[in-house]
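What follows is a single structure, written as C-alpha cells, with notes after it.
The values are calculated or read from the model by the stated rules, or taken from the named source; none is laboratory data. Fair warning: this is a prediction, and the values are worked out from it, not measured in the lab. Ideal geometry is used to build each Cβ from the backbone, glycine not excepted, and the neighbour counts take in all protein chains shown.
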C-alpha cells in the first residue's frame, strides 16, 4: 500500500463519515499503517507512517540547517529561516550552561550536539504533527519510550565514564542508618530507572491528549456544519471558535514539550556528572 493510496483512503473514509453523520474516532489519527510490509521470522521491519514522518522531519531539519548555513550564513541581515536556526542554536548552549554545572565550558560543549539534535528533532516532530493528515510521531508511547531509554542508557554510560564505580554512590544518600540502606538502595534504583519512563510518558501523554481533544472538537464542529441547518450553523460557531482557540495552546504544548524534555535530559546529565549524594561507605573510608 503506497502513500498516495493511503492518503486517498483517509479522504474517502472521512467522506463516508460525513455522509453517514458519524463522527470518526479521535484515536484513528494515531493508527500505525505499514506502507512496505516486511517480516523476517517473527520480527517486523515494516516501513510505516511513523517511519515516513520521522524521515521527513529529519530531512526537513537537515535541509533547513544546510540551506541557512550555506546560502544565508554570510548575510549581515539574516532572513526568517536563518533567524530561526540561530535562535535554536543560541538557545541550546544557554540551556546546557544553565542546567549542567561543575564542568568546564569545553566539557559542556561535548554534550551540545546530542542535546541540540534531540531538541530540534522533538520540536519539528511535534510541529509537523499539527499539520492536517500528518502523523504525530511523538504521540506513540513505544517511540517516545525507545527515545527516552536510549538517552537514559547514554547518560548512565557518561556517569560511569566520568565517575567510575563511585557513580553508584547516588543509590545511598548520605547519613542513612545502616539497617535502612538495603531498602533505600532498592528504592533509589527504582526511582532512577523510572526517569526513562517518565521522560517518555510525559511527552507521549501530552501530545496524544492535546491532539485527541482538538480532533474531537474539530469533528463535532465539522459535523454540525454539514447538517445544512441554520440553527445548527449558528450553534456551531461556538465549537468552531473553541477549536481555533485550542490550536494556539496546542502549538504552545508542542514547543514546550520539546523544551521540557530537553531540560529533563540536561538535569539527568547534571546528576550523572556531578554526584551530589555520597555513599555511606565512602564517608567512613
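A compact table of results
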| quantity | calculated |
| --- | --- |
| Matching residues, the range 173-200, being closer than 21 Å to residue 127 by Cβ and in contact (Cβ under 8 Å) with a residue 60 or more places away in the chain | 199 |
| Test: residue 273 is at pLDDT 85 or above and either in contact with a strand residue (DSSP E or B) (Cβ under 9 Å, 6 or more places away or on another chain) or crowded, with 18+ Cβ neighbours inside 10 Å (or both) | no |
| So residue 154, is it at pLDDT 85 or above, assigned to a helix (DSSP H, G or I), more than 18 Å from the chain's Cα centre (by Cα) and within 19 Å of residue 196 (Cα to Cα) | no |
| Residue check for residue 84: modelled with pLDDT of 80 or more and either in a helix (DSSP H, G or I) or surrounded by 15 or more Cβ atoms within 10 Å (Cβ to Cβ) (or both) | no |
| Residue within the range 155-165 that is in contact with a helix residue (DSSP H, G or I) (Cβ under 6 Å, 6 or more places away or on another chain) and closer than 18 Å to residue 52 by Cα present | no |
| Subset of the range 27-59 (residues that are farther than 22 Å from residue 215 by Cβ and surrounded by 17 or more Cβ atoms within 10 Å (Cβ to Cβ)) | 51 |
| Residues located in the range 104-129, provided they are over 17 Å from residue 263 (Cβ atoms) and at pLDDT below 85 | 104, 105, 106, 107, 109, 110, 113, 129 |
| Some residue of the range 161-179 being under 30 Å from residue 255 (Cβ atoms) and part of a helix (DSSP H, G or I) | no |
| All positions within the range 129-151 that are surrounded by fewer than 19 Cβ atoms within 10 Å (Cβ to Cβ) and in a helix (DSSP H, G or I) | 141, 142, 145, 146, 149, 150 |
